[in-house]
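For reference, the structure is listed below as structure tokens.
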Amino acid sequence: MRDLFRFIQRYHFFFLFLLFETVAISLTASYQYYHQAFFIHSANIVSAKVYDTFDRVTSYLSLQKVNRQLLDDNTRLLNKQRKNFVITDTDVFIAHDSIYYRKFSYLHAQVINNSVNRRDNYITLNKGSIHGVAPDMGVIAGNGVMGIVRNVSSHYSVAMSLLHSDMLLSVRIHKNDHIGSLQWEGTNYREAHMTYIPPHVELAVGDTIVTSGYSVVFPENILIGTIKDWEIRRGETFYTATIDLALDLNKISYAYIVKNLMQEEQKDLELSVAPDM
Amino acid sequence: MLRIHWRFVVLFLGLVFVQVLLLNNVLLGGYASPQVYVLFVLMLPVNVPGWLLLFSSFALGLVVDAFSDSLAIHTAATVFMAFCRPAMIRFFTGNMVLQGQEIPSFSIFGSFFLILYSLVLIFLHHISLFFLEVFNFGEFVQTLSRIIISTGLTLVFVIIGFALLDRSFSN
């Protein structure tokens, strides 16, 4: 027994290293199962507060740009909904109508932290569970998709960015309705790749790509970007197209969080047919 | 002047803030980024107790992770780097006469050995960091180029850090 203690004492540096490293690796590896439980994400109270304060200082520098973006967005929305004269001073407005059943509702949020320089990027937003944000809600900007909410604390939330290796988005070529999936391959944050386009589809540079509406997260017809180039990759039979993203994810400062009110219903129904889908 | 261990507390917090508020937004050469917070591990005194070295590195990595939404990969990489540090110090200071409480710096190690010592440890840190980040070897070449570019970037920031802090940590 004494020998054992002496042994541990002699090599305590190595054993301590093993202990710390095991903790770190297991935190990393188990995260995908328990990710709500851990404090190591930027929605935790301390780091969210720090980012919030820093953002409050730096946001003054971009006010002019943000105002212009907001004006653009507002003009576009006004043009789309000329008949909608309802003025409301709350963030969410829900109309009850027996013909139109509302599917999506929106909430605005400010981006308080964001990155584009890693393989897996995240966006921290200043709206949390008390504002009704929950995991799996979509995050969009006026001109593009930003990501999907992953973690939520009471006042903040963290969304997985479009620039994330787990992000797989169902998209559609606007002119001919062909579906494919969009993924970021990690090199240039202004470009993503659309895969599984059948080779008989006619493509042209500048074709618009929008969301398909098949996913339970995003509404249809949200702009993604335009086709820049395409090829058939070695060993594949489908086209892979390079897409210029319309939204510059390095310049975002505010976002809209999309809630799909029928998300649970659609998910449950799809699960009951194909449990492994 | 503050006592020496308080200076390290200030250094710890300062580096975390510089890292998460400024350098995490730096994007150079594709998507490589400098990780200047490792300067803390590099600067601890030569005779820092093993447990303290590992524990402070663990804490440092965890704080950076908490700000960066990166699971615990900075923690794992920093602990690994700290584990390699004593061997590297023995290796690079083999011929020097050291009393123990010295802090690695230009005046103690000499520029050549200080840069080499930093380069090797930063490289070990970045290898573990970037491979843990992608969690597979599928994008090997791409990850390797990120590691090399980021190592160069981090080294530049670390050398600047050493030069700036040389006076306030030497007595």
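Each reported figure results from applying straightforward, stated rules to the coordinates on display, with no laboratory input. All values reported here derive from a predicted model rather than from experimental measurement. Cβ sites come from the backbone with ideal geometry, for glycine too, and all protein chains shown count toward neighbours.
Values for this structure:
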{"item": "Rg and Dmax [Cα atoms of segment B:35-119; Å; Rg one decimal, Dmax integer]", "result": "13.4, 43"}
{"item": "³J(HN,Hα), Karplus 6.51/-1.76/1.60, whole Hz, each residue of segment A:124-140, x for Gly, Pro", "result": "9, 10, 8, 10, x, 5, 5, 8, x, 7, 9, x, 6, 7, x, 10, 10"}
{"item": "Projected area averaged over orientations for chain A, convex hull of C-alpha atoms, nm²", "result": "22.2"}
{"item": "Average beta carbon contacts from partner chains per residue of A:117-125, 10 Å cutoff", "result": "6"}
{"item": "Ranking of B:74, B:126, A:164 by count of other Cβ atoms within 10 Å, fewest first", "result": "A:164, B:126, B:74"}
{"item": "Estimated FRET transfer efficiency when R0 is 22 angstrom, pair residue A:77-residue B:26 (beta carbons, to 0.05)", "result": "0.05"}
{"item": "Computed lengthening from residue A:129 to residue A:26, 0.36 nm per intervening residue step minus Cα-Cα distance", "result": "34.3 nm"}
{"item": "Ranked by how many other beta carbons lie within 10 Å on average, peptides A:210-217, A:128-135, A:233-240 from highest", "result": "A:210-217, A:128-135, A:233-240"}
{"item": "Ranked packing of B:93-106, A:190-203, most packed first, by mean Cβ within 10 Å", "result": "A:190-203, B:93-106"}
{"item": "Where labels lie 7 Å past Cα in the beta-carbon direction, separation of residue A:221 and residue A:6 in nm", "result": "8.1"}
{"item": "Over 15 Å [Cα-Cα, segment A:215-265], rounded percent", "result": "67"}
{"item": "Cα→Cβ-extended label distance, 7 Å offset, between residue A:231 and residue B:6, nm", "result": "6.1"}
{"item": "Inter-chain Cβ neighbour average for residues A:3-14, partner chain, 10 Å", "result": "1"}
{"item": "Förster-model FRET efficiency, 51 Å R0, residue A:168 and residue A:49, C-beta, rounded to 0.05", "result": "0.95"}
{"item": "For segment B:4-165, projected area of the alpha-carbon convex hull averaged over all directions, nm²", "result": "9.1"}
